[in-house]
Every structure is written in structure tokens, then in C-alpha cells.
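The values are calculated or read from the model by the stated rules, or taken from the named source; none is laboratory data. What you see is a predicted model; the values in this text were computed from it and never measured. We place every Cβ from the backbone using ideal geometry, glycine too, and count neighbours over all the protein chains shown.
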Amino acid sequence: MLFAVGLALTATFVATAGEPVYRYIDADGVVHYTDRAPERNARPLKLEAPSGTTPSRPPAFYSAEALREAARFAVRIESPTPGERDVEAHGAVAAASVMPGLVSGFHLVYQLDGKSLSPQPVDDLSVSMGALAPGRHTLVVVLLDDRGAERARSVPAVFDVPSASLANNAPR
């Protein structure tokens, strides 16, 4: 369907340029548009020029700003995984992924138990969570655009840091 619409639009632009456009349906029922008469007695389509003003140049559909505005971003926590039970108390790393990708000028805020892990938003896909107290924790990652507005937020990842056991404290 989109292909046919594209062909119809192409036919409109060609027709406004003064070239004849012919429409025909083949034996399989497929509609075709062409600038050559498919048969000897074929008549060209009568297309009227669009009324009103037309833009002097086509809009920039693929400009970086247009893509940035139209993109639906998603943030996902890769580590620690939701429900993980044996997260290390020291040196644990929070990692996230951003779809379709981390755009230049965008930043991430890693929030552990409702508090930011860093004083400023970062542009890193992973950060150290520092020393974690034993117990249950919740990690959320927020994507901010270049103006500081929230564009996406991850699903909270709840994970557990175990209490230090006697086996871990035993001399080696």
C-alpha cells in the first residue's frame, strides 16, 4: 500500500513537471504508474497542480533534531539483573543500555534507593555503585536530554546484597 502511495506521489510530481503519467492495472490486479503509454490508445491521467502554497524546499525529515524529537528512547538495566541475590557489597557495577543509542548531549542518572549515585548526570553506560549495605536495593536509570528533560526511565531493578557470612570472614 505504501509503495502505491509513493508511486502516486511520484506521479503527481512528474505530472506537475509537464510529463504525462499513465495508470494501468495488470493481469494480476496490480496498479502501475508509468510515463510511457502501456497501450496504443492509452490516455494520460489528468492531474491538477496542488492548490495553495508549496514549500520552496522539502522539510528535513531526517535531520538530527527531527530524529531526536521523534525517537522513542528506552533504558534498560543490564546489571545487576532484577531479582539477583548475590550482588557483591564492594565493587558492584551498575550497567545500562539505551535504545536506539546514547545520543550526543544526552546523559544518564543512576539512582540507587531513590538517591543519585553521582552529583551530576553521566554519559557512561556503567558506573560503580560503591560500598553497598547488606539488604534489598532498588536501582533505576533515567535518560536526560541535552536540556535536562527526562526522556526515558528504566524499570526498577530490585536486587539483594547478602550479609557477610562467617565463611567470608574466615582467615585464609
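Taking the options VAL98, VAL103, VAL109, name whichever one is at pLDDT below 90 and of a type in the set (Val, Ile, Thr).
None of the others qualify; the one that does is VAL103.
Would you call HIS107 surrounded by 13 or more Cβ atoms within 10 Å (Cβ to Cβ) and in the same structural domain as ALA133 (by TED's automatic domain parsing)? Yes. Residues in the range 135-150 that are in a loop (DSSP other than H, G, I, E, B) and touching a strand residue (DSSP E or B) at 6+ places or on another chain (Cβ under 7 Å): ASP145 only.
Within the range 18-45, track down each residue that is of a type in the set (Phe, Trp, Tyr) and modelled with pLDDT of 75 or more. So that I can check it myself, show each step before the final result.
Narrowing the range 18-45 to residues of a type in the set (Phe, Trp, Tyr): 22, 24, 33.
Result: TYR22, TYR33.
The single condition among (1) under 21 Å from VAL155 (Cβ atoms); (2) at pLDDT below 80; (3) not hydrophobic (A, V, I, L, M, F, W, C) that LYS115 does not satisfy is (2).
Please enumerate the residues belonging to the range 84-103 that are more than 17 Å from LEU139 (Cβ to Cβ), part of a loop (DSSP other than H, G, I, E, B) and touching a residue at least 12 places away in the same chain (Cβ under 8 Å). Selection gives PRO100, LEU102, VAL103.
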